[in-house]
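Written below as structure tokens is the structure these notes are about.
Read-outs throughout are calculated quantities, based only on the coordinates presented, and are distinct from any laboratory measurement. Everything numeric in this text was worked out from a predicted model, so none of it was measured. Every residue, glycine among them, receives a Cβ derived from its backbone with ideal geometry; neighbour counts consider all protein chains shown.
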Amino acid sequence: METFQLNNLTITINKEGGDRYSKVSYPARYGRYAEIRHPDYLCHFNLLGEIRHLQGLGQDWPHPAEWLKRTIGNDWIYYASGGYGDVFDLIGEYYIPCFSYAGNSIFTGKPFQNPEVQQALQFRLKLSHLLKSSLKGQQLPDSINTFLQSIIRNSEKALARKGHTLHSVIQGRIPVLPPDSRHVDYEVIPVIIADGCRHNCGFCEIKTGSDFTIRSKQNILRQLTELQHFFGEDITNYNAVFLGQHDALAAGADLVRYAALKAYDIFRFSNSTIKGPSLFLFGSVDSFIETDEETFDCFNRLPYTTYINIGLESADQDTLNLLRKPISAEDVRKAFCRMLEINRKYEYIEITANFILMDDAPPGHHQAFIDMMQHGLKRRYSKGALYLSPLKGFHDRKNILKQFHAIRKGSMMPVYFYLIQRL
Ligand code: SF4
């Protein structure tokens, strides 16, 4: 660690954060990073000099343990404490990620409209200029000077371009990350191995509508090598991959294994500053039922903990029909039982499932869900969370919360809200 005082800025490089993601109620930082402390703001940068976190230090900042984070897709997210109370019970984390774009959140706070938050984002825009003028006539150690020059180069425009570069490397945007990626604070490297979706459900707003297509190994290898270049030295701060998009499981065991192992080598996860590599992917009811034992044996041997999230949505046929999801309630129940089996059998695989919450759910929706759970489980089970996802555009927040609590009460497994986060 090296610290330098430049006028009213305290600059520290090579700071060491935590080496394992943990669920804590304070602003934890992970991996290696650099910091600039201004009397009013605290800024954290990755090893490329790109801003990642920004926090106000003044009295008017909404809460001393709240902060802004910039994603690699160049979105800002505000981390609200929500008073800590029941936030953990609702989302399994001690903070509420608030997005600057429309989503399905049940949280009503609008931090991006807060003048202090807006001023912090303005400060970030002025930082390059402030550094340039502070540097005039100063003699700095080479390491500090190199770091500050990289921040100056990473202007707002340059960071926006970088976000576009990410999407052009993977040839697509990630409209939604798996809910399980909350375990690594959504810090995943995205690699698309299959586009489109096999179901193309009527209610779904995140689907592309295109046919399901599998990417070639060549395409995946190109993404991995270009991503290695994209993350540069900062790749050491990553230990998780998301294999996109909506049904990577349907791409088959061979391709999932290929992408996971190549990513592990190319991104050098064995040398990551953060321990415990994770692999995230989505599966559909059909692809999950079709996946055989041999494939799960193979996934369990990967050098990751593998999280597979399945969109079940409802165990009630009327609700599935209403959602225009082309699967049967019987297959949903079959997939749910399989989820329980896999979670019991494999140490390094966790299957989780999503269910829908909506304003006017058919009467059978909740009961079918509870019946299915009580039929499959005789006692409480902590592995394999169930995520309840309010349909975008819901009107009655109170009713959605009431449904959530009713289901949670009858559930034998952890139940959380699913907040749709893009990359
Ligand atoms: S399977 Fe999932 S991603 Fe695909 S259309 Fe249905 S809800 Fe959307």
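See the values below:
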| read-out | value |
| --- | --- |
| Label-point separation in nm, Lys334 to Ser143, each point 7 Å along Cα→Cβ | 6.0 nm |
| Estimated D of the range 171-417 in µm² per second, where Rh is the Kirkwood radius over Cα pairs and Stokes-Einstein applies at 37 °C, 0.692 mPa s | 177 µm²/s |
| GNM result for the chain, Cα springs below 10 Å: residue of Gln223, Gln139, Gln118 fluctuating most strongly | Gln139 |
| Estimated [θ] at 222 nm from DSSP helical runs (n ≥ 4, -39500 (n - 2.57)) normalised by residues in the chain, nearest 500 | -11000 deg cm²/dmol |
| Using alpha-carbon coordinates, inclination of helix 397-410 to the longest axis of the chain, degrees | 60 degrees |
| Gap separating the Cα centres of the range 137-214 and the range 223-285, nearest whole Å | 13 Å |
| In the range 171-417, lysine pairs with alpha-carbon atoms under 20 angstrom apart (chain gap of 8 or more, or interchain) | 15 |
| Of Pro362, Gln374, Ile400, farthest towards positive along the dipole that unit charges on Lys, Arg, Asp, Glu beta carbons give the range 340-410 | Gln374 |
| Modelled FRET efficiency - R0 41 Å, Asp40 with Asp89, Cβ distances, 0.05 increments | 0.75 |
| HN-Hα J in Hz across the range 273-281 - Karplus 6.51, -1.76, 1.60, θ = phi - 60°, x for Gly and Pro | 6, 10, 7, x, x, 10, 10, 10, 7 |
| Arg324/Glu347 FRET efficiency (R0 45 Å; Cβ-Cβ; nearest 0.05) | 0.75 |
| Label-point separation, Asn14 to Arg29 (7 Å along Cα→Cβ), nm | 1.5 nm |
| Mean separation of Cα contacts under 8 Å (6+ apart) over length of the chain, as relative contact order % | 14 percent |
| Segment Glu233-Lys157, extension gain: residue separation times 0.36 nm, minus the distance between their alpha carbons | 25.2 nm |
| Karplus (6.51, -1.76, 1.60) ³J(HN,Hα), θ = phi - 60°, over the range 130-147, in Hz, Gly and Pro reported as x | 4, 5, 4, 6, 5, 6, 4, x, 9, 9, 10, x, 3, 4, 5, 4, 4, 5 |
| GNM top mover of Asp75, Asp180, Asp211 - the chain, alpha-carbon springs below 10 Å | Asp211 |
| Long-range tail of P(r) for the range 1-42 (Cα pairs > 14 Å, %) | 55 percent |
| Amide H contacts under 5 Å for Thr352, placed H, 5+ residues apart | Ile308, Asn309, Ile310 |
| Sequence-separation-based contact order of the range 260-354, relative, with Cα cut under 8 Å and 6+ spacing, percent | 32 percent |
| Where labels lie 7 Å past Cα in the beta-carbon direction, separation of Lys217 and Cys298 in nm | 1.2 nm |
| In the range 59-137, the chymotrypsin sites (Phe, Trp or Tyr not before Pro) that fall in loop regions by DSSP, at most 14 other Cβ within 10 Å | Tyr84, Tyr101 |
| Long-range HN-HN contacts of Arg32 with modeled amide H, under 5 Å | Gly17 |
| Förster radius 51 Å - calculated FRET efficiency between Leu135 and Ile206, Cβ distance, rounded to 0.05 | 0.70 |
| Square roots of 5 times each gyration tensor eigenvalue, C-alpha, the range 256-351, largest first, Å | 30, 14, 11 |
